1. Take B:L162 and tell me if it is in contact with a helix residue (DSSP H, G or I) (Cβ under 6 Å, 6 or more places away or on another chain) and free of Cβ contacts under 8 Å to residues at least 12 places away in the same chain.
2. Looking at segment B:138-159, which of its residues are part of a helix (DSSP H, G or I) and within 11 Å of chain A (Cβ to nearest Cβ)?
3. Quick check, is A:P176 within 16 Å of ligand 1 (Cβ to nearest atom) and assigned to a loop (DSSP other than H, G, I, E, B)?
4. Go through segment A:172-193 and give me each residue that's of a type in the set (A, V, I, L, M) and within 19 Å of A:L65 (Cα to Cα).
5. I'm checking my understanding of the structure. Among residues of segment A:138-185 that are polar (S, T, N, Q), within 14 Å of another protein chain (Cβ to nearest Cβ) and under 17 Å from A:L102 (Cβ atoms), which one is surrounded by the fewest Cβ atoms within 10 Å (Cβ to Cβ)?
6. Looking at A:L193, is it within 16 Å of ligand 1 (Cβ to nearest atom), among the aliphatic types (A, V, I, L, M), more than 14 Å from chain B (Cβ to nearest Cβ) and in contact with a helix residue (DSSP H, G or I) (Cβ under 8 Å, 6 or more places away or on another chain)?
7. Anything in segment A:97-114 that is more than 7 Å from every other protein chain (Cβ to nearest Cβ) and surrounded by 24 or more Cβ atoms within 10 Å (Cβ to Cβ)? List them, or say none.
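The values are calculated or read from the model by the stated rules, or taken from the named source; none is laboratory data. On a predicted model such as this, the values are computed, not experimentally measured, just so you know. Positions of Cβ are generated from backbone atoms using ideal geometry, with glycine treated the same way; all protein chains shown enter the neighbour counts.
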Amino acid sequence: MTLQDRPRQGAGADGPAVALGGVDITFHLADGGRYQAVRDIDLAVKPGEFVSIVGPTGCGKSTLLNAAAGLLSPSQGTVSIFGKPLVGLNRRAGYLFQQDALMPWKTALDNVKVALEPMGVPEREADAQAREWLARVGLRSFVDRYPHMLSGGQRKRVSLAQMLIRNPEIILMDEPFGPLDAQTRQIMGNLLLDLWSRDRKALMFVTHDLEEAIALSDRVVVMSAGPAAGIVADYAVSLPRPRDIADIRLEKAFHEIHRDIWSSLRVEVQKAYAMGEGKELVEGQQSVGGEAR
Amino acid sequence: MKRIKLLSLQVLVMLVFLATWHVVTATSLFGDVKTMQFFFSTPAAVLGRTFNQLTGSEIYYHLGITLTETVLAFGIGSAAGILFGFAFARRELLSAVFDPYIKAANALPRVVLAPIFALWFGLGIWSKVALGFTLVFFIVFFNVYQGVREVSPTILANARMLGMNERQLFKHVYWPSALTWMFSSLHTSVGFALVGAVVGEYLGSSAGLGYKIHEAESVFDVTGVFSGMLILTIFVILIDALVTLVERRLLVWRPVQSSTTTA
Ligand SMILES: Nc1ncnc2c1ncn2[C@@H]1O[C@H](COP(=O)(O)OP(=O)(O)O)[C@@H](O)[C@H]1O
Ligand SMILES: [Mg+2]
């Protein structure tokens with residue numbers, strides 16, 4: 001039975017979809033200083049695996065995704081995509097950014113359609129496919145709207161369609177549902193699961209919402225507070241699929257996993273919070289920095 | 001209701017202005033009527049002259065010349081501004097080297113160039129186009145430069161992740177962003193193109209609205225000067241309305257900002 005999907009995955013099945021090995025990322029600040037955001041990150045995401053990354057704000061989650069996308073090259077360590085070292089941009093990945101990334105001068109339809117242009121899809125077909133994708137994310141009657149005429153959730157859906165229409169082998173999502181209200185998050189979560197389960201791609205999903213992470217993923221990775229953040233825990237989520245992300249929260253197994261992960265995450269969130277409080281105190285910051293090193 | 005009240009107040013201002021002007025110039029309350037009229041003309045005379053000119057055909061020849069100069073100055077100035085704006089925005093070294101010179105050139109009051117342009121390009125339309133060009137160029141240049149530099153990094157990163165090459169990035173990201181900035185200054189640049197044309201004509205030419213005003217002034221025909229100014233004002237308002245129309249068409253994608261200008 002696995003023979004059937006062998007040929008499809010065969011092209012790139014010679015290793016994890018994304019593998020970060022000993023990755024350090026240091027930013028050079030404008031004032032000449034340096035800031036080591038993450039340190040010694042080892043993380044592998046298998047093809048078809050849904051991995052969530054959680055951690056306190058500012059710990060370096062976006063930074064990690066940027067490294068996987070090839071938008072940022074690590075100061076040290078390696079990034080491999082399906083076993084090959086990544087050079088330049090990651091052409092096999094689609095990226096849903098944390099901030100609004102739609103072109104404001106294009107309608108929803110054109111924003112989605114334009115994603116097919118680099119692939120050389122003829123205009124007619126691109127149009128049809130873009131309409132189909134917009135319908136799939138529930139925006140059939142909003143195709144002619146400009147981004148500013150759409151709600152935050154609708155814009156995210158357009159972005160989702162724009163990314164998925166290219167059928168990337170790796171999907172990177174950075175707090176995609178962050179600014180949305182609770183109901184919209186649930187709808188979007190189920191929509192994402194529905195789309196993802198059709199042809200499971202490797203998916204790296206960054207969120208600060210632990211419940212969301214558990215409800216959606218196969219694995220939850222917990223990062224420590226920065227600077228020099230690392231991975232402190234890696235939990236498998238063996239809840240059955242298909243899932244409904246509202247219902248699954250009521251299950252006992254969910255609560256057990258949540259309790260486990262929260263116990264490690266809480267420490268880091270408190271650390272990050274304490275650090276934020278002590279930002280003005282140079283002494284306090286130094287001692288924390290020393291500890292992290 | 002509010003609109004009508006506003007409109008009637010605006011009309012009232014005009015009526016008070018015209019009435020004051022009339023009282024000052026047509027009655028001997030403030031001095032000798034002849035002297036007053038020599039310096040200030042009268043509203044009736046100015047309106048009458050303007051009406052005669054607008055119903056005649058000669059003025060349209062001059063308007064045509066001014067319009068031609070304006071359009072040419074705007075077109076050439078914008079094209080050059082866009083070209084240089086892009087080049088400078090994308091080449092760090094170029095902008096760093098030329099920065100002080102661009103600033104210096106922009107600081108120079110352009111009117112002083114008019115005699116030089118007259119010398120170089122003659123008294124025909126091209127010396128006026130050149131003057132308008134120097135005004136339009138910098139506005140468009142700075143805006144396009146800004147537009148390219150200030151493209152949202154997220155939009156750019158997203159476009160690159162979608163696999164766009166340089167050409168596609170230009171077409172879908174840089175160009176629209178630069179145009180947005182350029183259009184946001186459309187009123188200013190069109191206005192300056194017109195200023196260049198009229199000032200150029202005023203300082204030396206044989207045709208155009210600026211020339212008409214200058215001609216009237218040189219024979220102390222105050223009525224002619226005022227009437228020329230009135231026609232110029234009407235002309236500017238019409239062009240500005242046209243620009244607004246164009247702007248609305250081109251920037252449909254922008255959130256409607258509350259306009260501060262009256263309808
Ligand atoms: N371009 C940059 N220059 C300097 N510091 C940066 C830059 N990008 C991110 N950082 C810092 O790196 C840390 C991690 O950032 P980020 O990955 O955005 O965190 P988050 O986990 O919230 O996504 C933060 O402390 C942030 O201030
Ligand atoms: Mg982030």
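1. Working: in contact with a helix residue (DSSP H, G or I) (Cβ under 6 Å, 6 or more places away or on another chain): yes; free of Cβ contacts under 8 Å to residues at least 12 places away in the same chain: yes.
Answer is yes for this residue.
2. The initial filter retains those residues of segment B:138-159 that are part of a helix (DSSP H, G or I), namely B:138-149, B:153-159.
Residues satisfying the conditions are B:P153, B:T154, B:I155, B:L156, B:A157, B:N158, B:A159.
3. Values: within 16 Å of ligand 1 (Cβ to nearest atom): yes; assigned to a loop (DSSP other than H, G, I, E, B): yes.
Answer is yes for this residue.
4. Narrowing segment A:172-193 to residues of a type in the set (A, V, I, L, M): A:172-173, A:180, A:182, A:187-188, A:191-193.
Passing the criteria: A:L172, A:M173, A:L192.
5. Taking segment A:138-185 as the starting set, the residues that turn out to be polar (S, T, N, Q) are A:141, A:151, A:154, A:159, A:162, A:167, A:183-184.
Next, only the ones that are within 14 Å of another protein chain (Cβ to nearest Cβ) stay: A:151, A:159, A:162, A:167.
Next cut, under 17 Å from A:L102 (Cβ atoms) only: A:151, A:159, A:162.
On the way: A:S151: 12, A:S159: 25, A:Q162: 28.
Out of the qualifying residues, it is A:S151.
6. Details: within 16 Å of ligand 1 (Cβ to nearest atom): no; among the aliphatic types (A, V, I, L, M): yes; more than 14 Å from chain B (Cβ to nearest Cβ): yes; in contact with a helix residue (DSSP H, G or I) (Cβ under 8 Å, 6 or more places away or on another chain): yes.
Taking the combined requirement at face value, the residue does not satisfy it.
7. A:L102, A:A108, A:N111, A:V112, A:K113
This table checks each residue for (1) away from chain A (no Cβ under 14 Å); (2) within 18 Å of the chain's Cα centre (by Cα); (3) over 27 Å from B:G56 (Cβ atoms).
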{"position": "B:M161", "(1), (2), (3)": "no, no, yes"}
{"position": "B:N165", "(1), (2), (3)": "no, no, yes"}
{"position": "B:V173", "(1), (2), (3)": "no, no, yes"}
{"position": "B:H187", "(1), (2), (3)": "yes, yes, yes"}
{"position": "B:E217", "(1), (2), (3)": "yes, no, no"}
{"position": "B:R249", "(1), (2), (3)": "no, no, yes"}
